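Report on the following structure.
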């Protein structure tokens, strides 16, 4: 039997089976440590620098262990890649076939019951109004889903061509944890969610995403808890996302959309079921709708997110009125619904009321309460300050291995910020540096003479700094901003500087879907992409298409954000140092992510530019430098320009005629 050194070594099964496989001692080191953690059923935190090959470094030990393994990823895209590509390749190379299941959240699967209800609602509306249904975009997409529903095996809505997860029809044909009828559903025998879970229960390896995993940990969703309980090991890739996501799941939120959807579902059910005292139920539905309208009327006029307390924000009375209306709705349904058809809706009303009560009653030292107002509605939320005890207890309750891995978990050599937030201070840690030669392949340019970020002309100075660098690189640039306001300002300034036809094609976040922007940026080869937070991580552009990353300023979270402000106040009141213990490590990890977009392979070259003068002007700049790969550093503009010109693709030198989209 081959050992790990044979498997990952020269002439081994991975090198023979995979044309692009490269032998890396860092990958073997990680695989050996993961294997020992799986065997000992212990927790392990591993930072694996870009290029380590961490996916294979945990897949191989997982397949060889014979254990039932749950793999959780940061995105559905990575889920699909593991399921469709990586796991089949590794299993075939090792000659170790395994039963593998892909399990997504219920919102990704067609709900046949809700699809049927959508059809009935459209027919009833037509009968009531005498109108013929219009062939609008939603109606056309619903018809397409109906045709697809007759043949699909898995019911994964990703199969439906042209259906984005933001399409309004999506919510009409999927269930939520609250709206699912469970065993009472007449379509339970054909339920795609139930089928996916049955397959997962029979699998050796199950691939989920963090949202699904945390929903189970926090909410004990029916049917999935058995799967987690039977796993011998949980491997969390892109684990740097877990602390913030867990904070959301261990908190509470109530949105106007949840309330509106509940009212709509109750009305819809009343048209299909014989319910005693239906008028009493409808009366209470209207009372809840009135209470929601009263809450809307009490909201501040401007959109955005702000901190609130039930008293000081003037929201106490309308929140309490909505809470009482939801409690009354749950009671009325329970009294009127002899057949149990509306029981799930009564439970939803009661749960919304309980969440509202929890949000309104929380102690100010326990968590931050926020009010978020958008064009679509309002959301009331509670975010607990400390989830470490609860998360640790959940990990310890499941006696198996827990492997946390990402390229960004440590600040310098310290993992304490990550492990402390999750209560994993006693877990063994391992840091594996990137095998790439960052000192040779990249240059960190810290321009001198820029104004402080708070100055009015700062973004203009950043654009002025970036333009000659973009020219020297021949395009192929990311310009990353820390706010949407700075992004918009930067895009306008850049277009104003390029008064005639833009010398490079310009891609701006928000002007097209993210994946389309990335696809076209890669294809162009000499484009300039401007983005904010969603482009700082999870973006992989290998090769010459990306050779310059300009970072507007250090990514400190805005102290004006109510969650950030509340956490700072909490840490200060508790005797801690909010800047040292929270703001600085969070910003250092975010910078590490942004700078990590540049070097993605052994053949990549380029310059990372951090425009913020605080990198060299403040003592804490050393913390940021320690978080970054070991790049060569310069403050000389000419040195950065020479490096870019030396490595710019020859074709880019003459490619100055592309037009902006």
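The values are calculated or read from the model by the stated rules, or taken from the named source; none is laboratory data. Computed from a predicted structure; not experimentally measured. No Cβ is skipped: glycine too gets one built from the backbone with ideal geometry, and neighbour counts run over all protein chains shown.
Just one residue in the set 280, 311, 226 is loosely packed, with under 14 Cβ neighbours inside 10 Å, out of contact with any strand residue (DSSP E or B) (no Cβ under 6 Å at 6 or more places or on another chain), modelled with pLDDT under 90 and not assigned by TED's automatic domain parsing to the domain that holds residue 77; that residue is 311.
Counting only helices (runs of 4 or more DSSP H) that fall entirely inside segment 387-444 and contain at least 2 residues that are within 24 Å of the chain's Cα centre (by Cα) and farther than 24 Å from residue 22 by Cβ, the qualifying elements are 388-397, 416-421.
Within segment 528-552, the set of residues being in a loop (DSSP other than H, G, I, E, B) and surrounded by fewer than 24 Cβ atoms within 10 Å (Cβ to Cβ) comprises 532, 536, 537, 538, 539, 540, 541, 542, 543, 544, 545. Of the candidates 419, 465, 482, 405, the single residue that is modelled with pLDDT of 95 or more, closer than 29 Å to residue 545 by Cα and not assigned by TED's automatic domain parsing to the domain that holds residue 592 is 405. For residue 465, indicate whether it is in contact with a strand residue (DSSP E or B) (Cβ under 8 Å, 6 or more places away or on another chain) and part of a strand (DSSP E or B). Taking the combined requirement at face value, the residue does not satisfy it. Number of residues in segment 605-620 that are outside any loop (DSSP other than H, G, I, E, B) and buried (at least 22 other Cβ atoms within 10 Å of the Cβ) equals 6.
Report yes if residue 460 is modelled with pLDDT of 95 or more, in a helix (DSSP H, G or I) and under 24 Å from residue 622 (Cα atoms), otherwise no. The answer is no for residue 460. Per the listing 110, 163, 87, the residue uniquely touching a strand residue (DSSP E or B) at 6+ places or on another chain (Cβ under 7 Å) and either at pLDDT 90 or above or surrounded by 17 or more Cβ atoms within 10 Å (Cβ to Cβ) (or both) is 87.
This table checks each residue for (1) in a loop (DSSP other than H, G, I, E, B); (2) outside the structural domain of residue 640 (by TED's automatic domain parsing); (3) under 25 Å from residue 621 (Cα atoms); (4) in contact with a strand residue (DSSP E or B) (Cβ under 8 Å, 6 or more places away or on another chain).
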site: 478; (1), (2), (3), (4): no, no, yes, yes
site: 486; (1), (2), (3), (4): no, no, yes, no
site: 492; (1), (2), (3), (4): no, no, no, no
site: 495; (1), (2), (3), (4): no, no, no, yes
site: 510; (1), (2), (3), (4): yes, no, no, no
site: 515; (1), (2), (3), (4): no, no, no, no
site: 520; (1), (2), (3), (4): no, no, no, yes
site: 554; (1), (2), (3), (4): yes, no, yes, yes
site: 559; (1), (2), (3), (4): yes, no, yes, no
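Would you confirm, using the coordinates I've provided, whether residue 38 is touching a residue at least 12 places away in the same chain (Cβ under 8 Å) and under 17 Å from residue 93 (Cα atoms)? So residue 38 does not fit the description; no. Looking at 39, 91, 48, just one residue is within 25 Å of residue 241 (Cβ to Cβ), assigned by TED's automatic domain parsing to the domain that holds residue 208 and in contact with a helix residue (DSSP H, G or I) (Cβ under 8 Å, 6 or more places away or on another chain), and that residue is 48.
The set of residues from segment 182-210 being crowded, with 21+ Cβ neighbours inside 10 Å and assigned to a loop (DSSP other than H, G, I, E, B) comprises just one member, 191.
Selection of segment 497-532 for residues being under 22 Å from residue 78 (Cα atoms) and without any contact (Cβ under 8 Å) to a residue 40 or more places away in the chain yields 509, 514, 515, 516, 517, 518, 519, 521, 522, 523. Is segment 285-299 home to any residue that is at pLDDT below 85, over 17 Å from residue 347 (Cα atoms) and not in a loop (DSSP other than H, G, I, E, B)? No, the conditions are met nowhere in segment 285-299.
Condition check ((1) surrounded by 15 or more Cβ atoms within 10 Å (Cβ to Cβ); (2) at pLDDT 95 or above; (3) more than 30 Å from residue 574 (Cβ to Cβ)) across all residues:
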position: 386; (1), (2), (3): yes, no, no
position: 397; (1), (2), (3): no, no, no
position: 409; (1), (2), (3): yes, yes, no
position: 430; (1), (2), (3): yes, yes, yes
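The residue of segment 30-41 that is nearest to residue 629 (Cα to Cα), among those that are surrounded by fewer than 22 Cβ atoms within 10 Å (Cβ to Cβ) and touching a strand residue (DSSP E or B) at 6+ places or on another chain (Cβ under 6 Å), is 33. A count restricted to segment 171-218 and to residues that are in contact (Cβ under 8 Å) with a residue 12 or more places away in the chain and over 18 Å from residue 262 (Cβ atoms) stands at 30. Among the residues of segment 460-486, which ones are closer than 17 Å to residue 511 by Cα and surrounded by 17 or more Cβ atoms within 10 Å (Cβ to Cβ)? Within segment 460-486, 478, 479, 480, 481, 486 qualify. For segment 513-527, the set of residues classified as surrounded by 14 or more Cβ atoms within 10 Å (Cβ to Cβ) and over 14 Å from the mean Cα position of the chain (by Cα) consists of 517, 518, 520, 521, 522, 524, 525, 526, 527, listed by residue number. Residues that are surrounded by fewer than 19 Cβ atoms within 10 Å (Cβ to Cβ) and outside any helix (DSSP H, G or I) within segment 575-598 comprise 575, 576, 577, listed in sequence order.
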